[in-house]
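Peer 1: Got a structure here, written out as structure tokens. Questions coming.
Any read-out appearing in this document is the output of simple, stated calculations on the displayed coordinates, not a laboratory observation. No experiment lies behind these values; they were computed from the predicted model shown. Reconstructed Cβ throughout: ideal geometry from the backbone, glycine too, with neighbour counts over all protein chains shown.
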Amino acid sequence: MPYKHIPLSSLVVNPANDRHGELENETAAIAQLFAAQETHMRNLARDLVTKGEVFEPPLVFPDGDKFIVADGNRRTTCLKLLAAPRRAPTVELQKYFTDLRKEWVGEFPERVECRIEADRDRVDDILFRRHTGVQGGIGQSNWDDRMKNNFVIRTGNGGGLHVADEIEKRLKDANMLPSRKIPRSNMNRLLSAEALRNRVGISVKKGKLEFIRNEDDTLRALQRIASDLATRQITLDNIWDTQDKLEYIDRLDEEGVLPGASSKPKAADAQTRSGPTKLTKPPAKKPSAWPHLIPQVDYGIAWTARLQRHREIWEELQFRLDLTAHPNAISVLFRVLIELSVENYIKNAKLKTIHDGDKLAKRAAKVAEDMFANRKIDKKHLGVINKLQQGEALISVDTLNRYVHSSNFNVSPEHLKMIWNALSAFIVLCLAA
């Protein structure tokens, strides 16, 4: 674990920080850190200025001629904004960091002592054992359940079942193991999310690995993946984030390696690029208490950086906003989520039937027609989405618009739940496009 003084300009605030999940770039990561915990960030920046030093070197790993910060993103962000206050996400914060910089005593550090780890598996092992002691934002900040979940989804560590071990056992029983040793940590990382596992024909349910496609077809796909990893055709650098993983899985799909929908067992649900290929009912198992609009169950969405805004809204509706306390805020965000999800499908499916003047209900109907034409939904579900165009229907865009714009339209938590139940699978399909 070498330590080295690295130019501040060569350090990159991690866009895939587990505190927030994958974002598009460093600027978005900086903004998100302040959006989530501005008070702590301000406290930390002031502490750095008061003490005039960074007490614990950031943990970094090389990436070309730069170094990605794996741990210490908050400290690094504060230093970067003290060096260049105009990079702060708001005018108020720009002034705060400008004034704070004037209080720095002595020469401002152009270089930061960092701990460099080239082995990214070791980086994740270190991260897994850290993050205790908040101290008002000055010490390391605890990961909440969402952050821990982000870590598990990204790495496959700490999630219970060891997927790579199970796959290795299945391949060994079928006499299909590659001649070289499988790097199991990389296998776990690649198949860390349920949506990605479903793509190759497997699922993890109740702590057990199950085949959801024809077993022989699935084993052949897993053999190819194991071989690519074992021969280093695919390394950790190729599957570091969700987008990289999807690109690799997509290449296998284009080559005809993945088991097709026709090979799935009768009772299994088909899956696509980053979620279900067919509109199915929401997960049957719901928590006993359902205080939020979105139940806290896994909907099988692979959250890539381009879905940053969608994910933020989803998590507010799933983890933060209470139906009893915040029905108006939920109704507004729910409508925004529907609109953004529909636009995601239109963009990625490259629908040519959409016109600039089409309102949301019409756009959703055209998306549903495309899904129906591609056998992703059946006639019954097509009818459900078409109801969005019917102004007097309970499940309609007009009703959602009234929730947002009408001063006389009372928001009903139970009605919001009903709309969610009716549209949730459609939204998931749109996000999976």
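Peer 1: List 38, 103, 26 from most exposed to least, where exposure is judged by having the fewest other Cβ atoms within 10 Å.
Peer 2: Details: 38 16, 103 11, 26 21.
Ascending Cβ contact count within 10 Å gives the list 103, 38, 26.
Peer 1: Then there's this: From the backbone phi of the range 165-172, what are the Karplus-calculated ³J(HN,Hα) couplings (6.51 cos²θ - 1.76 cosθ + 1.60, θ = phi - 60°) in whole Hz, Gly and Pro given as x?
Peer 2: 4, 5, 5, 4, 5, 5, 5, 5
Peer 1: Give me 40, 162 ranked fewest to most by other Cβ atoms within 10 Å of their Cβ, as a rough exposure proxy.
Peer 2: Arranged by neighbour count, lowest to highest, 40, 162 become 162, 40.
Peer 1: Additional query: Return the Rg/Rh ratio of the range 154-263 with Cα-based radii and a Kirkwood Rh.
Peer 2: Reported Rg/Rh, Kirkwood definition of Rh: 0.91.
Peer 1: In the structure displayed, which of 51/102; 245/350; 172/376; 181/245; 350/376; 206/376 lie more than 24 Å apart, Cα to Cα?
Peer 2: From 51/102; 245/350; 172/376; 181/245; 350/376; 206/376, over 24 Å: 172/376; 206/376.
Peer 1: Taking 0.36 nm per intervening residue step and subtracting the Cα-Cα distance, what contour gain separates residue 243 from residue 10 on full extension?
Peer 2: The span from residue 243 to residue 10 would gain 81.5 nm if fully extended.
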